[in-house]
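A short write-up of the structure that comes next.
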Amino acid sequence: MKELRDKTVADLEAKVIENRKQLLDLRFQLKLGNKVKTHMFRKLKREIAMIKTMLEERAD
């Protein structure tokens, strides 16, 4: 969390895009029947939510 607060808005937006791509890849892997670390779904969703909250706070 601390390292996210130190990043710029552009870096945070890039991190959201990266996390969404990872989430999509995990979903594909799950559908293909590959072994997936299911805890990563929750981790990525939470991180996306935290970053969006920080971006919203900075916008005010």
**OP:** For residues that are within 15 Å of Met1 (Cα to Cα), of a type in the set (A, V, I, L, M, F, W, C) and in contact with a Lys or Arg (Cβ under 9 Å, 6 or more places away or on another chain), tally how many sit in segment 13-60.
**Re:** 5
**OP:** Please find, within segment 6-35, the residue that is nearest to Met54 (Cα to Cα) out of those that are among the basic types (Lys, Arg) and over 10 Å from the mean Cα position of the chain (by Cα).
**Re:** Lys7
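Yes or no, residue by residue, for (1) surrounded by 10 or more Cβ atoms within 10 Å (Cβ to Cβ); (2) assigned to a helix (DSSP H, G or I); (3) of a type in the set (Val, Ile, Thr):
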{"position": "Glu3", "(1), (2), (3)": "no, yes, no"}
{"position": "Asp11", "(1), (2), (3)": "yes, yes, no"}
{"position": "Lys15", "(1), (2), (3)": "yes, yes, no"}
{"position": "Glu18", "(1), (2), (3)": "yes, yes, no"}
{"position": "Gln29", "(1), (2), (3)": "yes, yes, no"}
{"position": "Asn34", "(1), (2), (3)": "no, no, no"}
{"position": "Lys45", "(1), (2), (3)": "yes, yes, no"}
{"position": "Ile48", "(1), (2), (3)": "yes, yes, yes"}
{"position": "Met54", "(1), (2), (3)": "yes, yes, no"}
Original post:
Is it the case that some residue within segment 43-51 is free of Cβ contacts under 8 Å to residues at least 60 places away in the same chain and more than 9 Å from the chain's Cα centre (by Cα)?
Top reply: no
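Each value in this text was obtained by applying a stated rule to the coordinates, not by laboratory testing. Small disclaimer: the values here were computed from a predicted structure and weren't measured. So basically every Cβ, Gly included, is an ideal-geometry build from the backbone, and we count neighbours across all protein chains shown.
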